[in-house]
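Here's the structure, in structure tokens; my notes come after.
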Amino acid sequence: MMLMNWKIFGNMNRYIYGMMILLALPLSIVGCQEEYVTYSDAEYVMFADTLATYPVMQDQQAFSVPVVSTVVKDYDRTFGVEVIDAADGAVENLHFSLESNTVVIKAGENRADVRVYGKYDNLNPEKPLALTLNLLVPEQVQMPLYGTKTKAVMQKVCPFDIHDFEGWCVFSSMFLYQYNLTGSYQRLVKTKVLDENTILCRNWMRDGYDIKMVFHPEEPLNQYVTIPEGQVASDEHSFFGIVYGDDNILVRTSSLYDSYFYTFGKYLFVYAEMYVETLGETFGSVGHFYNVMEWVSEAEARRLFYESGMPGYYNE
């Protein structure tokens with residue numbers, strides 16, 4: 001959830017930056033023959049965000065921390081950049097390095113980038129590290145109250161491989177906790193890869209009922225999972241003791257909460273909506289339920305099934 005919080009703060013700062021850019025937009029006065037463009041006299045130079053999270057990936061060369069100006073000049077502007085503290089955990093030359101200690105806003109432009117190289121092999125995906133940068137600009141071009149600093153949080157993102165999510169996993173479900181007549185909220189589930197982004201979860205909520213899940217790894221900091229709508233997770237009687245609709249408990253992606261996965265830990269969090277239909281029409285929603293799937297080895301699955309008595313379908 002921490003990354004989501006970083007994104008919220010980042011969006012707030014982008015809003016502030018957007019407002020400043022609006023104040024500095026060119027005013028066009030169109031005459032009969034000519035067009036004149038003037039700019040606001042208020043020149044401010046700053047980092048675009050005071051806080052943002054950046055992915056560090058195995059094959060990535062560097063990430064860019066943007067510097068912006070509220071005006072365009074007809075000459076290059078060069079500013080210094082320094083790392084001002086190590087209290088945020090990231091150590092220069094161990095966890096990251098700067099491409100340069102200066103940044104140049106080119107003539108005719110109002111943006112430049114500070115290039116930061118994250119040291120992929122020295123970062124822990126479970127513990128994001130931050131570095132604080134300070135932009136060395138004259139006092140007269142410093143935005144009041146906004147400051148000259150930014151905190152860049154480095155999040156290590158491991159490569160996505162759908163086969164990491166194939167095999168045996170421990171499935172923990174709040175739906176089972178609430179409705180399972182046996183009282184168990186965990187079960188052993190086996191998954192199978194169907195294509196490069198899809199797995200089949202055998203006997204997910206109940207033996208005999210399989211469902212598909214689709215992985216979306218396109219955005220490194222927003223990797224999520226969806227459950228195609230209309231899949232049957234169980235019959236109604238097994239959990240409710242009564243039939244309300246067509247005797248099917250259907251499942252789909254929750255519209256209220258995000259479902260996401262982690263490549264480094266081989267586990268995912270799934271918010272699923274369980275619902276009932278009758279004659280093809282929605283009868284009612286059972287609710288939105290939190291589920292966790294954590295993949296384990298074959299040996300651990302065997303132990304859980306035979307020694308710990310974990311429910312589920314196990315077939316060697």
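The values are calculated or read from the model by the stated rules, or taken from the named source; none is laboratory data. Bear in mind the structure is a predicted one, so any value in this text is a computation, not a measurement. Cβ placement follows ideal geometry from the backbone for every residue including glycine, while neighbour counts extend to all protein chains displayed.
For TYR290, the test of being modelled with pLDDT of 95 or more, in the same structural domain as TRP204 (by TED's automatic domain parsing) and within 18 Å of the chain's Cα centre (by Cα) is passed.
Looking at VAL214, VAL189, which is the one that is in a strand (DSSP E or B), touching a residue at least 60 places away in the same chain (Cβ under 8 Å), outside the structural domain of TYR54 (by TED's automatic domain parsing) and closer than 29 Å to ASN124 by Cα? Steps first, answer last, please.
Details: VAL214 fails: touching a residue at least 60 places away in the same chain (Cβ under 8 Å).
Answer to the selection: VAL189.
Residues in the stretch 216-246 that are of a type in the set (A, V, I, L, M, F, W, C) and under 20 Å from ASN203 (Cβ atoms): VAL225, ILE227, VAL232, ALA233, PHE239, PHE240. Any residue that is in a loop (DSSP other than H, G, I, E, B), charged (D, E, K, R) and either out of contact with any Asp or Glu (no Cβ under 7 Å at 6 or more places or on another chain) or surrounded by 14 or more Cβ atoms within 10 Å (Cβ to Cβ) (or both) - is there at least one of those in the stretch 151-163? Scanning the stretch 151-163 turns up at least one residue that is in a loop (DSSP other than H, G, I, E, B), charged (D, E, K, R) and either out of contact with any Asp or Glu (no Cβ under 7 Å at 6 or more places or on another chain) or surrounded by 14 or more Cβ atoms within 10 Å (Cβ to Cβ) (or both). The lone criterion from (1) touching a helix residue (DSSP H, G or I) at 6+ places or on another chain (Cβ under 6 Å); (2) in a helix (DSSP H, G or I); (3) closer than 14 Å to VAL270 by Cα left unmet by PHE239 is number (3).
Check every one of the strands (runs of 3 or more DSSP E) wholly within the stretch 9-110 and list those with 3 or more residues that are modelled with pLDDT of 50 or more and of a type outside the set (D, E, K, R).
Qualifying strands (runs of 3 or more DSSP E): 45-47, 51-57, 63-69, 77-85, 96-98, 102-105.
So, TYR306, is that one aromatic (Phe, Trp, Tyr) and either surrounded by 15 or more Cβ atoms within 10 Å (Cβ to Cβ) or in contact (Cβ under 8 Å) with a residue 12 or more places away in the chain (or both) or not? Before you say what the answer is, go through the steps one by one.
Numbers: aromatic (Phe, Trp, Tyr): yes; either surrounded by 15 or more Cβ atoms within 10 Å (Cβ to Cβ) or in contact (Cβ under 8 Å) with a residue 12 or more places away in the chain (or both): no.
Criteria not met by TYR306.
Considered as a group, the residues in the stretch 249-261 that are surrounded by 15 or more Cβ atoms within 10 Å (Cβ to Cβ) and either of a type in the set (Phe, Trp, Tyr) or at pLDDT below 95 (or both) include one that is nearest to TYR177 (Cα to Cα), and that residue is TYR257. Put simply, of ARG77, ARG115, ARG111 the only residue that is among the basic types (Lys, Arg) and either within 14 Å of VAL137 (Cα to Cα) or not assigned by TED's automatic domain parsing to the domain that holds LEU131 (or both) is ARG77.
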